[in-house]
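Presented below is the structure to which this report refers.
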Amino acid sequence: MNVTDCIQQEYLEWQRGDIITISAGTGKGKSHFIKNELYDHAKSKGKRILFFLHRTNTLEQFEAEIAAEGKDDVIELSTYQGFEKAIIRQNQLDLWMYEYIICDEYHYFGNDSSFNKFTDLSLNEIIEGADERVVVLMSATNEFIKAYLNNSKSINPKEYILSANYDYIKTLELFDDDQLIIDGLKKRVAKGEKALIFIESANDCYELFKHFEEHSMFICGKSHRNYKYVDEEKREQLLKNQRFNDLFLFTTQTLDAGVNIIDDDLHFIIVDIADPDVLVQCVGRKRIRDAESDYVHLVVKNRSNGRLGYDKGNLTNRMKHAKFFEEHSQEEYDREFYREPDPYQLVYYEPLPNGLYKIGVNQLLFDSYKYKYKRLEDIQEIAGGYRQFIVELFGKEGSVSMDAYLDPNTLTALEAGFTEGLIFYSKEEKRAFAEKLNLKVNGRIITSFRKINELLTTKEASFRIFPHEAKKDGKRYKTAWRIIQMSK
């Protein structure tokens with residue numbers, strides 16, 4: 001089912017004041033519906049459509065498409081960022097001219113708010129005058145913004161939902177050690193297999209790219225200092241042809257911005273991106289044209305509970321000023337943070353016409369941090385942590401084998417102990433082996449076989465420590481250890 005099938009003829013009944021959300025992944029025909037069914041209806045009524053996109057390169061692609069199809073007589077395009085600049089300069093578009101406002105990839109309002117402090121301006125401007133128009137919000141990952149509209153704006157949109165289908169993901173693998181990326185890509189080079197690699201840090205992405213430079217291309221955001229290493233000709237060809245000719249494309253999440261990869265030879269996607277919403281958008285960059293024959297091997301960087309705790313601490317630090325202001329008066333805030341501006345700009349000073357200022361809070365950004373913090377908490381409480389969360393996110397519960405939740409070094413030690421038939425007799429030998437396993441509770445290595453087995457059970461491991469009586473050099477040991485493997 002695509003978006004047109006889902007909506008059917010209901011769009012003919014949409015009225016001014018309606019706020020519509022369309023939840024559907026890439027390739028489900030969101031833009032197709034706007035360019036065809038809604039275009040025809042709007043033109044027949046003498047109405048216009050304003051279509052917001054979140055990146056310039058996406059706008060350029062879409063602009064060329066509607067111009068070629070002769071549909072720019074009804075559809076006008078704008079980036080959110082351009083609209084925000086116009087609002088600040090008090091020179092914004094007159095939205096009353098348009099019957100339909102389309103917000104493509106509207107997760108933009110939440111996702112970009114951490115580095116663009118003006119996303120709330122465009123969202124508020126679009127929503128607050130919604131009685132005069134029909135607003136259509138489209139995205140594959142929109143849970144936060146839907147919650148924000150409901151809780152902070154008392155808006156309950158009319159929803160059209162196409163559930164995500166990840167049947168095309170043939171295998172899902174999570175890794176802890178970055179060396180595994182390099183080793184895996186070396187195998188891809190030997191076999192001539194293409195891969196799309198997303199890395200959160202532009203610096204880390206470039207360093208990894210350098211390992212395979214002769215086989216690869218690199219893309220990051222234009223504002224990053226590493227953009228000077230981007231081959232502009234290759235980048236333009238990628239945008240034009242929607243495929244890359246090298247074996248590997250190393251990129252940051254900047255590529256998630258509406259760029260589609262249509263390539264039947266691309267079957268490996270590697271993602272080192274923490275935010276699950278962005279991760280899903282990255283995976284969706286490859287368009288699946290034939291559900292029967294096309295497929296993806298997906299490899300995702302794991303996040304330990306310790307790392308998730310670090311991320312929570314970072315969010316707490318970012319919310320420090322806003323949390324204090326939420327719980328105290330402005331006078332108390334002024335005393336607490338005298339001459340100390342909020343470095344993350346959740347709390348800001350808004351100029352007033354009389355030359356004075358008032359304190360404001362970017363509620364959209366504040367709520368997005370709260371949302372992310374709560375999600376990190378929820379992930380930590382899952383038995384398998386981040387790994388299990390990703391497995392469930394892509395619906396691959398049956399694809400994860402036993403031992404998948406073990407640290408690679410722990411698994412290596414257990415496998416060696418089992419295959420070599422090692423027996424640990426003395427306290428010193430047991431202690432040394434426990435340290436190799438490096439299994440911890442509350443930050444301390446556990447050395448009791450019972451606690452080790454309990455943790456191995458929790459991690460769904462196939463190995464256990466079996467205590468038994470054994471002799472060595474004429475000495476009897478009542479609880480010597482050996483490693484056994486349960487049937488998988």
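Residues that are outside the structural domain of D275 (by TED's automatic domain parsing) and within 15 Å of D277 (Cβ to Cβ): does segment 148-157 have at least one?
Applying the first criterion (outside the structural domain of D275 (by TED's automatic domain parsing)) to segment 148-157 yields 148-157.
Now drop any that are not within 15 Å of D277 (Cβ to Cβ), which leaves 148.
Yes: segment 148-157 contains one or more residues that are outside the structural domain of D275 (by TED's automatic domain parsing) and within 15 Å of D277 (Cβ to Cβ).
Which condition breaks for G355 when tested against (1) at negative phi; (2) outside any helix (DSSP H, G or I); (3) at pLDDT below 90?
It fails just one condition, (1).
Can you tell me which residue among Y349, Y333, Y371, Y344 is under 26 Å from G110 (Cβ atoms), in contact (Cβ under 8 Å) with a residue 60 or more places away in the chain and hydroxyl-bearing (S, T, Y)?
Working: Y349 fails: in contact (Cβ under 8 Å) with a residue 60 or more places away in the chain; Y333 fails: in contact (Cβ under 8 Å) with a residue 60 or more places away in the chain; Y344 fails: in contact (Cβ under 8 Å) with a residue 60 or more places away in the chain.
Y371 is the lone residue from the list that is under 26 Å from G110 (Cβ atoms), in contact (Cβ under 8 Å) with a residue 60 or more places away in the chain and hydroxyl-bearing (S, T, Y).
Give the residues of segment 405-459 that are among the acidic types (D, E) and either on the phi > 0 side of the Ramachandran plot or at pLDDT 90 or above (or both), sorted by residue number. Before you say what the answer is, go through the steps one by one.
So in segment 405-459, the residues among the acidic types (D, E) come out as 407, 415, 420, 428-429, 435, 454.
Across segment 405-459, the qualifying residues are E415, E420, E428, E429, E435.
Collect the residues in segment 127-157 that are under 29 Å from L393 (Cβ atoms), out of contact with any Asp or Glu (no Cβ under 6 Å at 6 or more places or on another chain) and among the hydrophobic types (A, V, I, L, M, F, W, C), keeping them in residue-number order.
Of the residues in segment 127-157, the ones under 29 Å from L393 (Cβ atoms) are 127, 135-153, 155-157.
Now drop any that are not out of contact with any Asp or Glu (no Cβ under 6 Å at 6 or more places or on another chain), which leaves 127, 135-137, 140, 142-147, 149-153, 155-157.
Within segment 127-157, I127, V135, V136, L137, A140, F144, I145, A147, L149, I155 meet the criteria.
Identify the single condition in (1) in the same structural domain as N203 (by TED's automatic domain parsing); (2) over 18 Å from A164 (Cβ atoms); (3) modelled with pLDDT of 85 or more that R287 does not satisfy, given that it satisfies every other one.
(2)
Can you tell me which residue is farthest from E99 (Cα to Cα) among those in segment 109-130 that are of a type in the set (G, A, S) and touching a residue at least 40 places away in the same chain (Cβ under 8 Å)?
Taking segment 109-130 and keeping what is of a type in the set (G, A, S), we get 110, 113-114, 122, 129-130.
Right, trim to touching a residue at least 40 places away in the same chain (Cβ under 8 Å) and you get 110, 113-114, 122, 130.
Values: G110: 25, S113: 27, S114: 31, S122: 17, A130: 10 Å.
Per the stated criteria, the residue is S114.
Can you list residue pairs whose Cβ atoms sit under 8 Å apart, with the first residue in segment 150-179 being over 18 Å from K301 (Cα atoms) and the second being among the acidic types (D, E)? Count only pairs 6 or more apart in sequence or on different chains.
From segment 150-179, the pairs are N151/D367; S152/D367; K158/D18; Y168/D294.
Going by what's in this entry, would S122 be described as in the same structural domain as T21 (by TED's automatic domain parsing), modelled with pLDDT of 90 or more and of a type in the set (S, T, N, Q)? Show your work before the answer.
Values: in the same structural domain as T21 (by TED's automatic domain parsing): yes; modelled with pLDDT of 90 or more: yes; of a type in the set (S, T, N, Q): yes.
Against the criterion (in the same structural domain as T21 (by TED's automatic domain parsing), modelled with pLDDT of 90 or more and of a type in the set (S, T, N, Q)), S122 qualifies.
Looking at this structure, is R335 in the same structural domain as Y373 (by TED's automatic domain parsing), touching a Leu at 6+ places or on another chain (Cβ under 8 Å) and farther than 20 Å from L121 by Cα? Can you show your working first?
Details: in the same structural domain as Y373 (by TED's automatic domain parsing): yes; touching a Leu at 6+ places or on another chain (Cβ under 8 Å): no; farther than 20 Å from L121 by Cα: yes.
Spelling it out, it is not the case that R335 is in the same structural domain as Y373 (by TED's automatic domain parsing), touching a Leu at 6+ places or on another chain (Cβ under 8 Å) and farther than 20 Å from L121 by Cα.
Yes or no: T316 surrounded by 15 or more Cβ atoms within 10 Å (Cβ to Cβ), within 21 Å of the chain's Cα centre (by Cα) and at pLDDT 90 or above?
Working: surrounded by 15 or more Cβ atoms within 10 Å (Cβ to Cβ): no; within 21 Å of the chain's Cα centre (by Cα): yes; at pLDDT 90 or above: yes.
The answer is no for T316.
Filter segment 461-474 for residues that are free of Cβ contacts under 8 Å to residues at least 12 places away in the same chain and part of a strand (DSSP E or B) and give the result. Before you say what the answer is, go through the steps one by one.
Restricting attention to segment 461-474, the residues satisfying the condition of being free of Cβ contacts under 8 Å to residues at least 12 places away in the same chain are 469, 471, 473-474.
Answer for segment 461-474, where residues must be free of Cβ contacts under 8 Å to residues at least 12 places away in the same chain and part of a strand (DSSP E or B): E469, K471.
Please specify each residue of segment 401-457 satisfying the condition of being within 35 Å of the chain's Cα centre (by Cα), without any contact (Cβ under 8 Å) to a residue 60 or more places away in the chain and assigned to a loop (DSSP other than H, G, I, E, B).
Across segment 401-457, the qualifying residues are Y405, L406, N438, L439, N442, G443, I446.
Under 6 Å by Cβ, and 6 or more places apart or on different chains, what pairs join a residue from segment 131-142 that is among the β-branched types (V, I, T) with one that is part of a strand (DSSP E or B) and modelled with pLDDT of 90 or more?
Partner pairs satisfying both residue conditions: V134/Y100; V135/I19; V135/I101; V136/I20; V136/I102.
Which of the residues belonging to segment 191-229 are part of a loop (DSSP other than H, G, I, E, B) and at pLDDT 90 or above?
Residues of segment 191-229 that are part of a loop (DSSP other than H, G, I, E, B), as a first pass: 192-193, 200-201, 212, 220-224.
Within segment 191-229, G192, E193, E200, S201, F212 meet the criteria.
Could you look through segment 114-137, keep only residues that are within 25 Å of the chain's Cα centre (by Cα) and among the small types (G, A, S), and pick out the one that is surrounded by the most Cβ atoms within 10 Å (Cβ to Cβ)?
Top of the filtered list is S122.
Answer yes or no as to whether G284 is of a type in the set (G, A, S) and touching a helix residue (DSSP H, G or I) at 6+ places or on another chain (Cβ under 6 Å).
Working: of a type in the set (G, A, S): yes; touching a helix residue (DSSP H, G or I) at 6+ places or on another chain (Cβ under 6 Å): no.
Judged against the criteria, G284 is not a match.
Just one of A24, A86 is buried (at least 20 other Cβ atoms within 10 Å of the Cβ) and closer than 30 Å to L365 by Cβ; which is it? Don't jump to the end; show me each part of the working.
Details: A86 fails: buried (at least 20 other Cβ atoms within 10 Å of the Cβ).
Only one candidate passes the filter, namely A24.
Is segment 159-166 home to any residue that is at pLDDT 90 or above, in contact with a strand residue (DSSP E or B) (Cβ under 7 Å, 6 or more places away or on another chain) and surrounded by fewer than 17 Cβ atoms within 10 Å (Cβ to Cβ)?
For segment 159-166, residues at pLDDT 90 or above, in contact with a strand residue (DSSP E or B) (Cβ under 7 Å, 6 or more places away or on another chain) and surrounded by fewer than 17 Cβ atoms within 10 Å (Cβ to Cβ): present.
Matching residues to (1) under 30 Å from D231 (Cα atoms); (2) assigned to a helix (DSSP H, G or I):
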site: I127; (1), (2): no, yes
site: V136; (1), (2): no, no
site: A147; (1), (2): no, yes
site: N151; (1), (2): no, yes
site: I155; (1), (2): no, no
site: S163; (1), (2): no, no
site: D183; (1), (2): yes, yes
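Has segment 350-373 got any residue that is in contact with a Leu (Cβ under 9 Å, 6 or more places away or on another chain), outside the structural domain of S329 (by TED's automatic domain parsing), surrounded by fewer than 19 Cβ atoms within 10 Å (Cβ to Cβ) and charged (D, E, K, R)?
Within segment 350-373 (the criterion being in contact with a Leu (Cβ under 9 Å, 6 or more places away or on another chain), outside the structural domain of S329 (by TED's automatic domain parsing), surrounded by fewer than 19 Cβ atoms within 10 Å (Cβ to Cβ) and charged (D, E, K, R)), the answer is no, since none of the residues qualifies.
The values are calculated or read from the model by the stated rules, or taken from the named source; none is laboratory data. Small disclaimer: the values here were computed from a predicted structure and weren't measured. In this analysis, Cβ positions are derived from the backbone assuming ideal geometry, glycine residues included, and neighbour counts consider all displayed protein chains.
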